[in-house]
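Below: one structure, written as C-alpha cells.
The values are calculated or read from the model by the stated rules, or taken from the named source; none is laboratory data. As the structure is a prediction and not an experimental result, all values here were calculated from the model. Note that we place each Cβ from the backbone using ideal geometry, even for glycine, and neighbour counts take in every protein chain shown.
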C-alpha cells in the first residue's frame, strides 16, 4: 500500500518538475522581473528601490530554472539509458533545437556586450571633462572675487564697529542696532551679526526676507571661532542645501581698549540670484559628470550582469522549449513504436490517442484501424476454434460412448484416433500406438494381425467402402469382428485417410448358434422322448408276459435283455431331460441372494463329516467310485469376500451352476495326486457397473486346447459319460442373470472359470439393508 | 544570576556583531562604524539621545563620496524594557536617516540630518568634521507614543550602518557583492538613565 502511495507521489513530483506548467510560469515571471529590473537600472522611480530585490529574485529564478532544466535533462538521460522508445529521436531533435537557439543568442550576446561597453565609454570625453573642470574653476574664481570684496567690506565694517563700547551682556542696545543697520544698508549686506568671544549674540541686523524660518542668527562653528580668536579672518562659501549658496565672512572686532574682550563680526551675504543660479548649474553638472565617471565601472558591471542574466534566461527558456517540443514531437512516434511492439507481442487491443490531425495523426488513425481489424479477426478465429473444440468434444463423447470400436488412420496409414470401445474389444491399450504405422502396430500387437492385414488390403485396393469379417484370438478367446471401412474426404488433393468401425459379433454368432442348438435339443428331446415310453412299457410287458413262458435256461437271458432295455431307456430319458432342460427357457424366480451363503450351502452337500482345518472343506472324489476305487478327499479352499452385497438372482439356478462347475472340477481332478478346488468371491467394477465375481479353479489338467473355443457348445465333452451340456447350461443360466462367464487354463496348471454377475444398485442397497436386518436377527437368536 | 546571564548574552551578541563587522571590513581595518558613546535618557514623553558615533570610511567609499556620490547612514534605535524572567520587550523603534554629500563648487561636505522633527543641513570644510557632525547625537529627541513604565529598567539598542539601497542603482550590485561597502556597527546596548 505504502509502496503504491510513494509511487503515486513520485509520479506527481515528476509531473510537476518535468511538466510544462512550472517552467512556463517561471519563464513568464522571470521575463516580467527582468523587464522591471531593466526599468530599475534606468533609474526608474517606480522600480528604483526594488532593484536589489528584483536582482536577487531573478538570480534565484534563473537558478531554479537551471535546476528544473537539469532535472528534465536527468529524467531524459535516465530514459535514454533505459533505452525507452523514442528517446533517440528526442535527443536528436533536442540537440538540433538547442544548437539553433544557443548560437544566435550567443552571437547577439557577444555583440551586445561589446556595443554596450563601447557605448558607455563613448559617453565620456576628456574635453568635456576639462571644460567642466574649467567651468568649476571659473565659478570658484568668480565667487572668490565676490568673497574678497566681502572680506574687504567686513574688515571696514569691523573697523567702524571698533568705536562701539565693549560690554559683556547680551541683548542689543539701540545705538548698536542702528549702527549695524546703517552699515548693513551702506554695504548692501544680507546679515550682520556681532558676537561675543563665546558666541553670544550682541546685536544682529538682517534683511527681512533672509531665512524667514530662523529668527535667531546662525552662529559660527567652534573651528571658525578658534581661527577668528587668533586674529585671522574666516571667509567661505556656504552651500546650503535648500537656500543655495551664500558667502560667510567672520572677522574679529578689536576694541579700542586693549584689555577689552574681543568681539566677532559675522557677515553673511547671499549670492546674487544670477550668480547663485549659474554656480548651482555648474555644480550640479560637474557633480553629475563626476558621478557618471565614477559609476562607469559599476554601470558596465550592472548592464553586463543584466544582459548576461537575460541572455542566460533566453538560453534556458530556449533549452526548455527545445526539451518540451522535442518530447512533444517524438511522443506520437514513440507511442506508435510502443504500440507496434505491443501488437508484435500479441496485444491486439492497443489503441493510441489521436492528438493531431497531421500526417502523424493519419498514421495513428490507420494504426488504430489496423489493430481493431486484427482484434476482430482474432476474436472470430478464437470463436471458430472454440466451436471446433466443442465439436471435437461432442465427437469424442459420442465416440467414447459408442459400443462399436472406431479407428482412424491418416493417408499414410498412421493410427490417428481410437475410441475406448476399440481398446476394450481388442483387449489392448491402443494409446501407445497413436501416430504409429501399421507395421509397428502389427509388431507390437501380433494378435491384431488379421485386422491390420484387412486395413492394409483395403487401403492398397483403394476401396472407398469395404466390409469384412475377421477372427482374432484375444486373451485366448476367439473373437469375431465385423469391420467396416470408409475413406475420409480428401482435402486439397490429399487423401483423407480411413475410418474403420468394428463390432464384436462373437456373442451374436454364439447366440445364434445357441439358439440353433436349443432348437435341435428341443426337437431331439421331443422326437426321442415320445417313443421311449412305449419302448420301456413294451419291454416291461415282454418281461412280465414272457418271463414265465420261456424255458428256464432262456429266462435269464430275457431277464437281462429286458432289464438292459429298461435301464438304457431310463438313461436315455435322463439324457433327453437334460436336453429339454437346456432347451427350455426357464422362468426366473429372482430374489436377493447372498452368493457366499450359496457357495457354503453347495459345499456343505459335498462336505466330509470330518473337517481338517478351518475354511478347508474336503470333497469326495467320486468320479472313479463306480469302478470300485476308494474315494479320495478333494481339498476345497474358500476365499470369500465378506463385504459382498446381495444380488438379485434365482438361487436354484445359481445352485445348479455351482453344482455343474464343482462336478466338472471333481471329474477333472480324478487323476490328480493332491486335488484342490478353490472357490472365491470378490467385488469388481465401480459405480453403476459393479459385479460380483465368482471364481472356481482346480489344479487338474485343465481344458483340452482343442475344446477351448467351443467350451460352451452342447455335446462338447471329453468325458466318457458326459453329455456335454454342463458348461452350456452354466453359460445359459449366467447369461439369463445378465452376467458373463470366462474359462481359461492357468499357467501353473488347472482350469479356471470366472463368472461375473451384475449388482443392481437398487438391489445392492436393498440387500445391504436386508443383510443388516438378518444380522440383527441372528444376534437376537 | 539573571543579570550575569543577560550580560553574557549581550557580550555574545556584541562578539557576533564584531565578527560580522570584522568580516565586512576585511579589506580596511581602520574603516569602521562604531557606536562609541550613547547616553539615552527620558525627558518627559520622549527619549533623548546624546553621544557620538564613530564613522570611519574606507578609501573606496571615500573616493565615491569625493566623486559626488551621496552616502546615507541609517541609525537604528530600539527601546527595550528589561524583564526579569523573559527576554527584553521592544517598546519602540526609530530609524534616523543622515546624509553626507560633497559639494564640488564650495569644496565642502554637506551633512543633512532628517531627524524625526525637521531636516537640517550644514556644510563643513573637512571630511573629518563632516563625519563627526554626521555621527554626533546632540540631544536627538525621539517621541514616545506611550509613556514608559516608571520603575522598569530600560535599555537602548543602537546600530549605525551605510544604506546600500540609497546608493545609485548601478552601484548597488557592486555594493552588495563587495565587503568594502558593508559598513555596519552592529547592535550595541546602552542603559537608559531615568
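Below is a table of values for the structure above.
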quantity: Within the range A:269-296, tally of residues that are more than 8 Å from chain B (Cβ to nearest Cβ) and within 20 Å of residue B:175 (Cα to Cα); calculated: 2
quantity: Filter pass, residue A:516 being part of a helix (DSSP H, G or I) and surrounded by 14 or more Cβ atoms within 10 Å (Cβ to Cβ); calculated: no
quantity: Residue within the range A:252-261 that is assigned to a strand (DSSP E or B) and modelled with pLDDT of 80 or more present; calculated: yes
quantity: Unique residue being closer than 17 Å to residue A:125 by Cα and either over 60 Å from the mean Cα position of the chain (by Cα) or surrounded by fewer than 21 Cβ atoms within 10 Å (Cβ to Cβ) (or both) when the list is A:285, A:276, A:318, A:311; calculated: A:285
quantity: Residue within the range A:261-268 that is in contact with a strand residue (DSSP E or B) (Cβ under 7 Å, 6 or more places away or on another chain) and within 14 Å of chain B (Cβ to nearest Cβ) present; calculated: yes
quantity: Total residues in the range B:37-62, condition more than 14 Å from chain A (Cβ to nearest Cβ) and free of Cβ contacts under 8 Å to residues at least 40 places away in the same chain; calculated: 2
quantity: Selection count where residues are away from every other protein chain (no Cβ under 14 Å), assigned to a loop (DSSP other than H, G, I, E, B) and more than 14 Å from the chain's Cα centre (by Cα), scope the range B:63-118; calculated: 8
quantity: Scope the range A:413-435; condition over 16 Å from residue A:448 (Cβ atoms), free of Cβ contacts under 8 Å to residues at least 40 places away in the same chain and in contact with a strand residue (DSSP E or B) (Cβ under 8 Å, 6 or more places away or on another chain); matching residues; calculated: A:417, A:435
quantity: Any hit, the range A:22-41, residues being modelled with pLDDT of 85 or more and surrounded by fewer than 13 Cβ atoms within 10 Å (Cβ to Cβ); calculated: no
quantity: Qualifying residue in the range A:145-160 (condition: modelled with pLDDT of 85 or more, assigned to a helix (DSSP H, G or I) and within 14 Å of chain B (Cβ to nearest Cβ)); calculated: yes
quantity: Any hit, the range B:138-155, residues being under 28 Å from residue A:246 (Cα atoms) and within 14 Å of chain A (Cβ to nearest Cβ); calculated: yes
quantity: Strands (runs of 3 or more DSSP E) contained entirely in the range A:385-496, each with at least 1 residues that are exposed (fewer than 14 other Cβ atoms within 10 Å of the Cβ); calculated: A:465-474, A:477-487
quantity: Residue A:327 over 30 Å from residue A:111 (Cβ atoms), surrounded by fewer than 19 Cβ atoms within 10 Å (Cβ to Cβ), more than 9 Å from chain B (Cβ to nearest Cβ) and modelled with pLDDT under 85; calculated: no
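Rundown of residues vs (1) in a strand (DSSP E or B); (2) assigned by TED's automatic domain parsing to the domain that holds residue A:161; (3) modelled with pLDDT under 80, yes/no style:
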residue	(1), (2), (3)
A:189	no, yes, no
A:194	yes, yes, no
A:209	no, yes, yes
A:212	no, yes, yes
